[in-house]
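The values are calculated or read from the model by the stated rules, or taken from the named source; none is laboratory data. Quantities reported herein were computed from a predicted structural model and do not represent experimental measurements. Reconstructed Cβ throughout: ideal geometry from the backbone, glycine too, with neighbour counts over all protein chains shown. Quick note on the areas: whole protein, heavy atoms, side chains included, nothing else; ligands and nucleic acids left out. Shrake-Rupley method; radii C 1.70, N 1.55, O 1.52, S 1.80 Å.
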Amino acid sequence: MEALSFSVPNLPLFFIMFLFIYLVALFGIFRNWNPKLRPEASSCAISLAHGTPAVLLAALAILKVDQSQRGFASPNTSFQNTVLDYSIAYFLMDLLHYLIFFPSDLLFIGHHLATLFVFLTCRYMVFHGAFAILVLLVLAEITSGCQNIWTLASARRADVPAASRLYKLLSPPFYAFYSVVRGLAGPAFVYKMGIFYASGAADNVIPRWVSLSWLVVVVMAISVSILWVSNLWLDLYRERSKKLSKKMT
């Protein structure tokens, strides 16, 4: 009860913070952008406010506990619950953004709903497993800063030469970084999670249907991420092949 009373107020406060950042970005920072681009840019703004801080907070929440508490079925600490609230608030705000501006983008809406299911059940239902979820949060958000800058540059590359240059400069290292994290580190950690939860070792504190649901959501998210970055690599290859063929003719 002490942990619950400590962090319950955090969720609405964090949500208000992300809403404020979104509105400042929409009506302030990006007010001179094309109206069609402003919502996406504002979404990037709250993603920037969430991504890197979430990585640092999650890493701190993991490192602050004893080695014995870093298990897939360990009880959540108060600080870990606070970090979960921080991410829940962000995903709720970004989900609201998609429902208002891009209601037909079912892939992102589904992604956010599935992610919220994982965070909410860990935080407010089973009160265990935050260690695993926060490691996944680090792996998911460690590329966020680079990705959002790349996305903003991509949005303006057609009309701003500097944005076009930044986009071209960032693309290969961003794709490589993303590929390593989502294609190697992520699956390796999820494999360990899967072995543990499938064994039933956590069934006394995390119902089997919850832990297996987490695994399904994470595997699907990683699969979509790998498909997404694979398409980006293919687009980059086609673009450079086209330029090379033009130079040779």
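Annotations for the structure displayed:
- Close contacts from region 183-204, counting a first residue that is among the hydroxyl-bearing types (Ser, Thr, Tyr) and a second that is open to solvent by 60 Å² or more (accessible area, probe 1.4 Å), with Cβ to Cβ under 8 Å and a gap of 6+ residues or different chains, come to Tyr197/Arg208; Tyr197/Leu212.
- Close pairs from region 60-81: first farther than 9 Å from Gly129 by Cβ, partner of a type in the set (Phe, Trp, Tyr), Cβ under 6 Å, at least 6 apart: Ala61/Phe79; Arg70/Phe131; Ser78/Phe6
- Leu212 vs. criteria modelled with pLDDT under 95, open to solvent by less than 80 Å² (accessible area, probe 1.4 Å) and assigned to a helix (DSSP H, G or I): no
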